[in-house]
Amino acid sequence: MSRVLVAGTGTGTGKTTVCLALAAALRRRGHPVTPFKVGPDFIDAAHLAAVAGRPARNLDPWMTSPDWMRACLPRHEPPGGLALIEGMMGLFDGAGGADDRGSAAEVARLTATPVLLVLDAQGVARSAGALALGFARFDPALSLAGVIFNRVGGVSHRETLSAAVAPLGLPVLGALPWDQALAIPERHLGLFTPEARALPREQVARLASAAEAHLDVERILGLAAAAPPLPVPSDASAPPAGPPVRIGLARDAAFSFYYQDNLDLLEAAGAVLIPFSPLADEGLPAGLGGLYLGGGYPEAEAAGLAQNSAMREGIRQAAASGLPVLAECGGFMYLCRAIEDGAGRRHAMVGIFDAVVRFPGRATLAYCTADLTHPSPLGPAGLTLRGHEFHASSLFTPPAARAHAYRVRRLPAGGPEAEGYLVGNALGSYLHLHWGSCPEVARQFVASCRSHGAVRQAALSAGTGAIS
C-alpha cells in the first residue's frame, strides 16, 4: 500500500497546507488519494476530504486501538493511489508527555509509514539543521524520510535551509514559499469548517500549482510506494440484525463533526443516514427511527438556529415521543434550553436539556474514557468507549436528567465524573466518542432506533398516531 505521513515540529507549521497541496496536485493528475488524519481532529480531516474528493478517517491508536488503526489503512486503500496521512501537533505529541501514545510517531511506527517532516522556516536559517537533528534522533526506532520547508522567503533562503540539513543526510523534498493566499482561515477551536467556509476553487488550484512547482511530488510518491504492505483485514462483520432504519444526521454549518468510522459502523448495522439541516430545513425528514446530532459550531450559528423555531419544536416533539436521540458536544448544546453569547444575548435552543450554555466559557481539551453505567440508546451498562472532549463553552448548571449514562475519566489522571445526560431516549454529552473503541455501540444505537420505528409503526397501524 502506497502511503506517507506528513508530520510537523508542532501546531501551525504547515502540515495541513502541505497535505492539501499534495492532495490537490495528485487529484488534478487523476491520481487517487485517500486522506487520513492522526488524532481526534475533525476539521483538518474535513478539508482533506473536500480537496481529495474522498472521505477522510481518523487514525488514533489511543482512542481506538493499535489493531483498529492498523486495519483502517488497508481497508480503505485507494487502488493504485496514495494514502495521505496528516499528523497532529508535533511528530511526538500524543496522549501524554511520558510516551508517544496516540501520536503521529506511534502511527508511523505501527504502520511502517514513511514520515515527511514539515519545518516552519519563517525566521529560521541554519537553526533548521538543529531542529531537524533533534527530531531525527529523538526516537531511534523512527526514521525520517525527508523534510519539507514551509513559508520560505526565497531562493537564497531555501539554499541556506538545505545546506543546514545536508549533513544529516535528510532529503529536502520541497520548500513552499510564504504565500498568504495559501493560508486556511481560522477561528476558535481551529480552522473554519468546509461547511461554513469551503476553500474557493481558485485557492485549491493555487495549492495544486504550489505543490507541482515547489514539492518533489515524484520523489514523495516513490517513498510512499516503498512502504511495506500491510495485512488486509478479513472484515467478516455480521449482517444487520433487522430491516434498514432511517436515522437523521444533522449536517450544515452548525453541525459537521462526525468520525467517518462511526458513520460506516452505523451503515453496516443497517442505518440509512438521512442528512438534514437544523439551520435551513423547516422540519425533520419523514420516517426517522432516530437522530444523531454531532458537534460543530452552534455558538457561531446560534441566531439562525434560534430563528428556525419549527425545527426546534419538531425535534422537541420527536424526543418527547421517545425517538432515540444522540447529541455530541455542539449537538448537545443545541438541545439545551439556550446558548448565551459573549454579549450576554440568549438564543433559544431546543430545550430537551434544561440548561443554559455560555460561550465563551472554560476551554476544555482532553482524551477521555467513558464507562456506560446506565442503559441508554448506546447500549447497556458495562460497555467502555474512548473519545475526546474539545470545546470552549460551559454549562451554567448541569441539566436535570433521569440518569447519567457515563462515568468519565479524563487524561492525564482525572477522577471519575458522571456525564452523559439522559432525558427519555435523548442522550446528550460534551464527549466525542469514537466507536472504533467499541463497535457494539453502533449496533445498539441502530437497534434502539429500529425498536422505536417498530413501536411507531404499530401505533400508526392501530390508529393512535405518533410523532416522527
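The residues of the range 146-212 expose on average 48 square angstrom of accessible surface per residue, using a 1.4 Å probe on protein heavy atoms.
The residues of the range 49-123 expose on average 31 square angstrom of accessible surface per residue, using a 1.4 Å probe on protein heavy atoms.
Placing pseudo-labels 7 Å out from each Cα toward the beta carbon at Ala130 and Arg402 gives an inter-label distance of 6.2 nm. The length gained on full extension between Leu273 and Arg101, counted as 0.36 nm times the residue separation minus their Cα-Cα distance, comes to 58.6 nm. These residues, Ile220, Ile352, go from largest to smallest accessible area, 1.4 Å probe, as Ile352, Ile220.
Using the Cα gyration tensor of the range 299-418, with a ≥ b ≥ c the square roots of its eigenvalues, what is the shape: rounded (a/c below 1.5), prolate (a/b larger than b/c) or oblate (neither)? Cα axes put the range 299-418 in the oblate bin. Its DSSP H runs of at least 4 residues, each contributing -39,500 (n - 2.57), put the calculated 222 nm mean residue ellipticity of the chain at -9500 deg cm²/dmol, to the nearest 500. Where both residues lie in the chain, what percent of DSSP beta bridges are antiparallel, nearest 5? Bridges in the chain are about 45 percent antiparallel.
When peptides 60-67, 269-276, 83-90 are ranked by their average number of other Cβ atoms within 10 Å per residue, the highest-first order is 83-90, 60-67, 269-276. FRET efficiency for the pair Arg197 and Asp341, taken as 1/(1 + (r/R0)^6) with r the Cβ-Cβ distance and R0 = 22 Å, rounds to 0.65.
Extension gain, Glu218 to Arg362: 0.36 nm times the residue separation minus the Cα-Cα distance gives 47.2 nm. Computed over protein heavy atoms with a 1.4 angstrom probe, the accessible surface ordering of Phe135, Phe390, largest first, is Phe390, Phe135. Largest first, the extents of the alpha carbon coordinates of the chain on the three principal axes equal 78, 53, 45 Å.
Accessible surface for the range 355-400, divided over its residues, is 40 Å² per residue with a 1.4 Å probe. Highest mean packing comes first when the peptides 146-155, 161-170 are listed by Cβ atoms within 10 Å, giving 146-155, 161-170.
Simple rule: put +1 on each Lys or Arg Cβ and -1 on each Asp or Glu Cβ in the chain, find the dipole, and look at Val118, Leu273, Ala49; the Cα lying farthest toward the positive end is Leu273. Overall, the chain carries a charge dipole of about 200 debye about its Cα centre when +1 sits on the Cβ of Lys and Arg and -1 on the Cβ of Asp and Glu, all other atoms neutral.
The apolar share of the surface of the range 135-190, taken as the fraction of accessible area on carbon and sulfur atoms (1.4 Å probe, ligands and nucleic acids excluded), comes to 57 percent. Overall, the anisotropy analysis places the range 1-85 in the oblate class: the square-rooted eigenvalues a ≥ b ≥ c of its C-alpha gyration tensor yield a/c not less than 1.5, with a/b not exceeding b/c.
The values are calculated or read from the model by the stated rules, or taken from the named source; none is laboratory data. Source: prediction; values computed, not measured. With ideal geometry, Cβ positions are generated from the backbone for all residues, glycine too; neighbour counts draw on all protein chains shown. For accessibility, only protein heavy atoms count, side chains too; no ligands or nucleic acids. Shrake-Rupley method; radii C 1.70, N 1.55, O 1.52, S 1.80 Å.
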